[in-house]
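Novice: Structure provided below as structure tokens; questions to follow.
Quick note: the coordinates plus some simple rules give every number you see, no bench work behind them. On a predicted model such as this, the values are computed, not experimentally measured, just so you know. Glycine gets a Cβ as well: all are built from the backbone with ideal geometry, and neighbour counts include every protein chain shown.
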Amino acid sequence: MNARTVVLPMVALGVALVAWWQSTPAEQGATPAATWRVGPVDAFEQARNYHELPADSPVRLSFVTRTPRHVYVFSQSAEDGTILMFPSPEVDGSPPNPLPTGRTVLPGSRDDGALSWTTRAEIRATTCYVAVASEAPVPQLEALLPRLRRWSNKALTDRSMQVTNPRGEVELAGRPREAWPAPVLARAASRAAAAVDVNGPMHPDEQLPGVWSAAFRVRERPE
């Protein structure tokens, strides 16, 4: 393993966290933090941008805020389209929006066990994960939620996490090989395309006041 691929992201993360903790309480309150976790619940590691992972690797998001926030999480790839990860009404054990002050680990827990999303098997293209946080609901995302395929643990009798179609007669959004279906998601994905540090304080959106985002990308590790 190239030591620079490990040391440089850790240095960047340390600098970002020091700057955040040395900021004023008002500035800290305005800046939520997001840390992407990959791997088993009891042996996870922090995600890196363009992380190569085995198929069906667990993915979770640790979100920290000093004020309640509405949070939205999505994934997108050319082969799979855009998938709603949170808030999904089909995930039993997932917390409601807005998320409370403090730390919340998504997608949540059920029967005293932590839930996880997973990377999607046989997706050869890069998959981008985006999280958005806001003090108030984001209208363009709220309108999108009912139209996306989403994660569910209600579809199968074993209550495993699966991706399902939206309920009802709705026009499906975010189909494979389509662009991100909301501008705020496209901006977050674009901003993170060359990022070294993808964990820690989130980034303010360039156009929507009070909206923050974070993103990272993964690739499926060839067998």
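Novice: For the residue pair residue 66 and residue 110, what label-to-label distance in nm results when each label sits 7 Å from Cα along the Cα-to-beta-carbon direction?
Specialist: 3.6
Novice: Hey, how much of the P(r) for region 113-223 falls beyond 17 Å, as a percent of Cα pairs? Present the calculation step by step, with values, prior to reporting the outcome.
Specialist: On the way: 3932 of 6105 pairs.
Pairs farther apart than 17 Å: 64 percent.
Novice: Next question. For the chain, I need the span (max minus min coordinate) of the C-alpha atoms along each principal axis, in Å, sorted largest to smallest.
Specialist: 49, 42, 37
Novice: Sort region 32-164 into rounded, prolate or oblate with this rule: let a ≥ b ≥ c be the square roots of the eigenvalues of the Cα gyration tensor; rounded if a/c is under 1.5, and if a/c is not under 1.5, prolate when a/b is larger than b/c, oblate otherwise.
Specialist: rounded
Novice: Which of 166, 32, 183 moves the most in a Gaussian network model of the chain with Cα springs under 10 Å?
Specialist: Result: 183 has the largest fluctuation of those listed.
Novice: Give the order of 123, 83 when sorted by the count of other beta carbons within 10 angstrom, beginning with the fewest.
Specialist: Numbers: 123 17, 83 22.
So the residues, fewest neighbours to most, are 123, 83.
Novice: Note the per residue figure in Å³ for the convex hull of the C-alpha positions in region 85-139.
Specialist: On the way: hull volume 6.7 nm³, N = 55.
Hull volume over Cα atoms, normalised by residue count, gives 122 Å³.
Novice: Tell me, what is a quarter of the convex hull surface for the C-alpha atoms of region 115-160, in nm² with one decimal? Walk me through the numbers before you get to the answer.
Specialist: Working: hull surface 19.9 nm².
Convex hull of Cα atoms, orientation-averaged projection: 5.0 nm².
Novice: Find how many whole Å separate the alpha carbon centroid of region 198-223 from the alpha carbon centroid of region 143-193.
Specialist: For region 143-193 versus region 198-223, the Cα centre distance is 17 Å.
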